[in-house]
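The values are calculated or read from the model by the stated rules, or taken from the named source; none is laboratory data. Note that the structure is a prediction, hence the values are computed from the model and not measured. As a convention, Cβ positions derive from the backbone with ideal geometry for all residues, glycine included, and neighbour counts pool all protein chains shown.
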Amino acid sequence: MTAFDTPGPYLINDRYRTNPVGRFLDFLIKKREEGAPVVGLYCGYAPLELVRAVGAVPVSLCASSQRTVAAAEAVLPANLCPLIKSSFGFISTDSCPIFALSQAVIGETTCDGKKKMFELISHLKPLHVMDLPNMPGVRGVEERWLTTVEKLKEFLEETFKRRITAARLEEEIRETNRKNSLIDGFFDCLTRHPPPVHWEEIYDVIALDPVSTSEELRMLMAGIDERLEDRIEAGICFGAPSSPRVLVTGCPIGGDALKVLKIIEEAGGVVVALEACSGMKGYSIRIEEGTANPLRAVAEATLKIPCSCMSPNRGRLDLLDGMIARFKPDVVIDVILHACHGYNVESYSIRRHVQDRHGLPFLKIETDYSKGDVEQIRTRVEALFESL
């Protein structure tokens with residue numbers, strides 16, 4: 001059985017699958033009513049542990065929709081990254097309820113477009129932009145990033161009039177490690193041929209992270225594992241043994257950019273790994289526990305995130321090596337958002353690495369959030385699969 005609409009057993013029960021956006025907003029509103037402030041984020045480099053240690057709720061802000069791009073282009077250049085345009089469009093049209101609920105926003109200097117966007121929204125809410133070093137391995141870069149993380153701690157403490165103690169931060173470090181271990185362990189089911197999990201369910205499970213404590217997540221994952229065993233026993237899977245196994249890498253994929261994953265599926269492929277920071281990337285990272293300086297431990301862990309803004313970016317190649325060994329893909333598809341120059345330039349190095357080291361076919365797709373290129377992408381993906 002291969003169709004995603006195959007009758008149960010669904011991995012996520014109806015309470016979590018039905019209206020996930022509404023469920024998430026209810027969660028945030030409840031937290032606000034309990035006195036917990038909400039902090040909006042744009043990137044994984046913002047340490048969630050610090051936000052939680054101050055008693056706040058970290059939440060990713062709205063993006064990835066074509067619907068808000070036109071409004072953004074009244075201010076921003078049309079040839080800017082669609083993720084930035086969509087993010088700004090949500091704010092300028094006051095159509096992001098998560099931004100409305102946020103009492104502070106954390107940005108980061110991952111690209112010039114985002115830095116300038118932050119200037120345009122800095123008057124709306126307390127905003128702190130983290131100065132991200134982009135040359136890992138250079139002498140002194142760890143100390144520079146630690147200073148940046150310390151400044152974020154000061155911003156959070158001053159904004160919310162609460163102190164972040166080392167003990168509280170250590171608690172949140174352990175909480176992150178427990179949750180990352182649970183979710184990363186779930187990804188093991190994708191090593192099966194064919195996998196018993198659909199790519200949408202990968203996102204479903206990841207979405208449980210921000211709205212669950214580690215204990216709640218453990219209980220949810222126990223139920224998921226049980227239903228997964230039932231599914232495997234019933235022979236429910238996605239794709240066939242001969243279906244091309246696809247590792248998708250590149251820019252964050254969500255919202256309207258999910259069209260690429262739908263096309264891969266419609267063309268007969270099965271997505272077994274999502275390398276982007278919107279997918280599996282961050283869950284392999286662990287923060288050192290029990291150190292004399294937990295703030296340094298957080299800084300060292302976040303600096304390991306292999307975004308294309310890092311140069312050289314050996315960490316991303318190492319990550320891909322691990323994912324290829326673990327999930328055994330037949331092809332790698334690199335999804336690049338228009339005007340995301342870092343990922344676009346780095347795509348050449350990724351192609352060479354994937355082809356020369358692993359002997360895998362590679363396809364680069366440049367796209368945005370519109371539907372105008374759907375058939376072109378479909379033609380290229382189908383041609384790739386036919387060549388296998």
| message | Pairs please, first residue from the range 147-171 and of a type in the set (Lys, Arg), second anywhere and assigned to a helix (DSSP H, G or I), Cβ atoms under 7 Å, 6+ apart in sequence or on different chains. | response | LYS153/LEU50; LYS153/LEU295; ARG163/GLU157; ARG168/ALA53
| Cβ-Cβ below 8 Å, separation at least six or inter-chain, first residue in the range 297-323 and within 18 Å of LEU146 (Cα to Cα), second of a type in the set (Ser, Thr, Tyr) and part of a helix (DSSP H, G or I): which pairs? | ALA299/THR148
| Among the residues of the range 76-105, which ones are touching a Phe, Trp or Tyr at 6+ places or on another chain (Cβ under 7 Å) and surrounded by fewer than 23 Cβ atoms within 10 Å (Cβ to Cβ)? | LEU76, CYS96, PHE99
| request: Might you let me know whether the range 177-185 holds any residue that is among the hydroxyl-bearing types (Ser, Thr, Tyr), within 28 Å of ASP321 (Cα to Cα) and surrounded by fewer than 17 Cβ atoms within 10 Å (Cβ to Cβ)? | output: yes
| Meets criteria (over 26 Å from TYR283 (Cα atoms) and either assigned by TED's automatic domain parsing to the domain that holds PRO294 or surrounded by fewer than 21 Cβ atoms within 10 Å (Cβ to Cβ) (or both)) for ASP26 | no
| field | Residues of the range 123-167 satisfying the condition of being under 16 Å from SER311 (Cβ atoms) and among the aliphatic types (A, V, I, L, M) | value | LEU132, MET135, VAL138, VAL141
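I need the full set of residues from the range 223-243 which are outside any helix (DSSP H, G or I) and surrounded by 20 or more Cβ atoms within 10 Å (Cβ to Cβ), in order please.
Within the range 223-243, the subset outside any helix (DSSP H, G or I) is 234-243.
Scanning the range 223-243 gives CYS237, PHE238, GLY239, SER243.
Residue-wise test of (1) in contact with an Asp or Glu (Cβ under 8 Å, 6 or more places away or on another chain); (2) under 18 Å from CYS62 (Cα atoms); (3) among the small types (Gly, Ala, Ser); (4) modelled with pLDDT of 95 or more.
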| residue | (1), (2), (3), (4) |
| --- | --- |
| GLY113 | no, yes, yes, yes |
| MET117 | no, yes, no, yes |
| LEU120 | no, yes, no, yes |
| PRO126 | no, yes, no, yes |
| VAL129 | yes, yes, no, yes |
| THR148 | yes, no, no, yes |
| GLU157 | no, no, no, yes |
| Does the range 369-381 contain any residue that is touching a Cys at 6+ places or on another chain (Cβ under 9 Å), among the charged types (D, E, K, R), at pLDDT 95 or above and closer than 16 Å to LEU261 by Cβ? | no
| request: Just give me the residues in the range 139-168 being in a loop (DSSP other than H, G, I, E, B) and surrounded by 19 or more Cβ atoms within 10 Å (Cβ to Cβ), in sequence order. | output: ILE164
| request: Inspect the range 252-263 for any residue being crowded, with 21+ Cβ neighbours inside 10 Å and in contact with a Cys (Cβ under 9 Å, 6 or more places away or on another chain) and give the result as yes or no. | output: yes
